[in-house]
Structure formats: structure tokens, C-alpha cells
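Okay, structure first, notes after.
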């Protein structure tokens with residue numbers, strides 16, 4: 001299954017809590033445990049809600065080139081899991097229709 005915001009119940013709940021004022025800080029062990037890429041969008045959204053995201057194990061600053069090289073496998077993994085999910089769903093539909 002592809003981890004989109006719609007099916008990441010925990011992440012959705014966190015932002016619901018931030019919107020409701022039930023929390024003002026999100027603490028994550030590693031940045032990529034919150035999201036593989038697009039962290040800055042989530043961080044900015046949290047700040048717009050008057051909250052902050054704190055990363056405990058912040059890695060040292062990387063150059064844009066190093067960041068791109070590091071993000072590339074995550075992007076490939078994300079799209080391949082989406083592709084495999086589509087194939088799995090299609091296979092499940094075939095099996096169900098045969099039954």
C-alpha cells in the first residue's frame with residue numbers, strides 16, 4: 001500500500017491535533033520517519049498552525065547534490081511501491097471476480 005496522507009492515519013491525527021490546539025510540538029526521531037521527502041512542506045504547515053516539528057537525530061547539513069542523491073532512492077521506492085500496489089490490487093480483483 002502506498003503511504004499517502006490519506007491513508008497515514010497517524011500523520012493525519014497529528015495535524016488534526018495541531019489544528020485543534022491539542023499539541024504544539026511534533027517530535028520525531030528521524031526526519032525521514034515523518035516523510036521520505038517534502039519534509040519542509042510539513043514543517044511549514046505545522047508552523048502555519050502555530051506548532052513546530054522537532055527532529056531529535058538531525059543529520060549534519062548536506063549539499064543540494066548530496067540531498068538529491070539521498071532522496072533519489074526514496075523517490076524510486078515510493079513509486080515502485082505504488083506500482084506494486086496497483087499490480088497487487090489488480091491481481092486481487094481478478095481473483096475475486098473468478099470466485
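Readers should treat all values here as calculations from the given coordinates under stated rules, not as data from a laboratory. These numbers were taken from a predicted model, which means no experiment stands behind them. Quick reminder, even Gly has a Cβ in these numbers, built from the backbone with ideal geometry, and neighbours come from all protein chains shown.
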Using alpha-carbon pairs under 8 Å, 6+ residues apart, how would you state the relative contact order of region 1-59 in percent? 38 percent
Determine, for 48, 32, the number of other Cβ atoms within 10 Å of each Cβ, and report the residues in order from fewest to most. 48, 32
Can you pull the one-decimal nm distance between simple spin-label points at residue 74 and residue 93, each 7 Å off the Cα toward Cβ? 3.1 nm
For a Förster distance of 41 Å, can you work out the FRET efficiency between the beta-carbons of residue 63 and residue 22, rounded to the nearest 0.05? 0.60
Along the Cα→Cβ direction, 7 angstrom out, place labels at residue 37 and residue 12. What is the inter-label distance in nm? 2.4 nm
Its Cα gyration tensor gives region 25-70 an equivalent ellipsoid whose semi-axes in whole Å, largest first, are 20, 12, 9
Using Cα pairs closer than 8 Å and at least 6 residues apart in sequence, work out the relative contact order for region 12-92, in percent. 31 percent
